[in-house]
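Reading through the C-alpha cells given below for one structure.
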Amino acid sequence: NDDILIRQVVGDDDGDDHHMLNVDHHFTNFKMRFGKTYASDEEHRYRFSVFKANLRRAMQHQKLDPSAVHGVTQFSDMTPDEFKRKFLGVNRRLRLPSDANKAPILPTED
Amino acid sequence: LPSEFDWREHGAVTPVKNQGSCGSCWSFSTTGALEGANYLATGKLVSLSEQQLVDCDHECDPDEKGSCDSGCNGGLMNSAFEYTLKAGGLMREEDYPYTGTDRAACKFDNTKVAAKVANFSVVSLDEEQIAANLVKNGPLAVAINAVFMQTYIGGVSCPYICSKRLDHGVLLVGYGTGYSPIRMKDKPYWIIKNSWGDKWGEKGYYKICRGRNVCGVDSMVSTIAAVSTS
C-alpha cells in the first residue's frame, strides 16, 4: 500500500517552460548525438515539432515515473504511432494463450 | 529464492542486439530465452538467429484468428516457440544473420541447427513464481507495455499509471533491489534486456519495479527448456 501515493503529475511551474526555451539547443544536440539528418526543410520542421512534443511528453513521464530518468532518446523525433509501428511488435493481447502448457508451481521458500 | 539474481553474471545472456526499424522484438525475446535455456542445457552460450524467425516463422495464435507471426509486422513469443519446436530448432546468428527486413525467402538449413526446444510453458501471474522460474530455468520471454520506454534513459521505472496492454517483447534476465528516494526505502525491480542497441537505456537494459504488474510485465511470461546435447 505504500506504493499508493498522491502526487501531482501535471505541470504548473516554470521548470517545464524553462526546458522548452532551450528546445532548439536540445534538438541540435539530438541530431548530432544520433546522427539524424532530414531530406528537406519541411521534414526538418515537422521533426522539430515532433521533437518538441516528445520533450513535453518526456517531462510528463518524468512526473509520472520519478524513480526513472526520462528525456531525449533516439526515438525523440518519432510520434508515438511511428514508434509503435517501427519498434514494437507483439501482436496485441491481454491474456495468455488458452492452450499453452502451464509451468508447474515451484517451491519458493527455503 | 535469492534476494538478487542476474543471469548476466552467470554467462547465460548474449550481448545486447539491435532490431533496427523493424517490429521484430518478439523474435529477439524468443532467441534470448532459447539462448539462456541452451546455455543451461549445454554449458555453451550461442547467439541464435532472429532472422530465421522473421523469414520462416508464420505460426498463428490459436486464440486469435488471423494473428500470425509476421516478421517486422509483429509476432508472439509463444507462437515462435511453437514454430521452433516444429522446425527442429534455430540456427546460429552467424549462419543466418539479422538484416532487419522481411519478405525475404526462408533460408533455414536444418543441418545447421544450433539449439532445439524441448518444451515451453507459460508462468502464472505470480511474481514469486516468475522469480522461481527465472532462477531455475533461465531468462524468461516476457511482454510489456512500452509507452514509458520511448523516453527512458535510466533508473528504475515505476510509473504511477501505465497501461497493461502488451505491445513489446523483451527478455527478463534478473531481479534486484535498490534504494528509492521517492519511497525512502529499498524497492525490488526486474532487470530486462531490450533489443534497441546498447545506446538505449542502461546499456540496452531496462529496470522496472516489481510488485504490482507494472505495465503488464507479469502478464505474459514464458519459460523454455532446450534439448541437452549430452
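Quick notes on this one:
- Flag: B:Lys193 does not match the condition of being over 23 Å from B:Asn133 (Cβ atoms), under 17 Å from the mean Cα position of the chain (by Cα), more than 8 Å from every other protein chain (Cβ to nearest Cβ) and of a type outside the set (A, V, I, L, M, F, W, C).
- Test: residue in segment B:145-155 that is closer than 30 Å to B:Lys116 by Cα, at pLDDT 95 or above and not hydrophobic (A, V, I, L, M, F, W, C): yes
- The helices (runs of 4 or more DSSP H) located wholly in segment A:7-110 that include 2 or more residues which are among the polar types (S, T, N, Q) and either modelled with pLDDT of 90 or more or surrounded by 11 or more Cβ atoms within 10 Å (Cβ to Cβ) (or both) occupy A:23-34, A:41-64.
- Condition check for B:Ile224: more than 7 Å from chain A (Cβ to nearest Cβ) and either over 23 Å from B:Ser21 (Cα atoms) or not in a strand (DSSP E or B) (or both): yes
- Candidate set from segment B:96-143 (those that are away from chain A (no Cβ under 14 Å) and free of Cβ contacts under 8 Å to residues at least 24 places away in the same chain); member that is surrounded by the fewest Cβ atoms within 10 Å (Cβ to Cβ): B:Thr111
- Every residue from segment B:159-176 that is in contact (Cβ under 8 Å) with a residue 40 or more places away in the chain and more than 21 Å from the chain's Cα centre (by Cα): B:Pro159
- Taking segment B:97-205 and the strands (runs of 3 or more DSSP E) fully enclosed by it, the elements with 1 or more residues that are of a type in the set (S, T, N, Q) and touching a Cys at 6+ places or on another chain (Cβ under 8 Å) are at B:152-157, B:168-180.
The values are calculated or read from the model by the stated rules, or taken from the named source; none is laboratory data. Owing to the predicted nature of the structure, the values given are computational and were not obtained by experimental measurement. Counting neighbours? That spans all protein chains shown, and the Cβs are built from the backbone with ideal geometry, glycine included.
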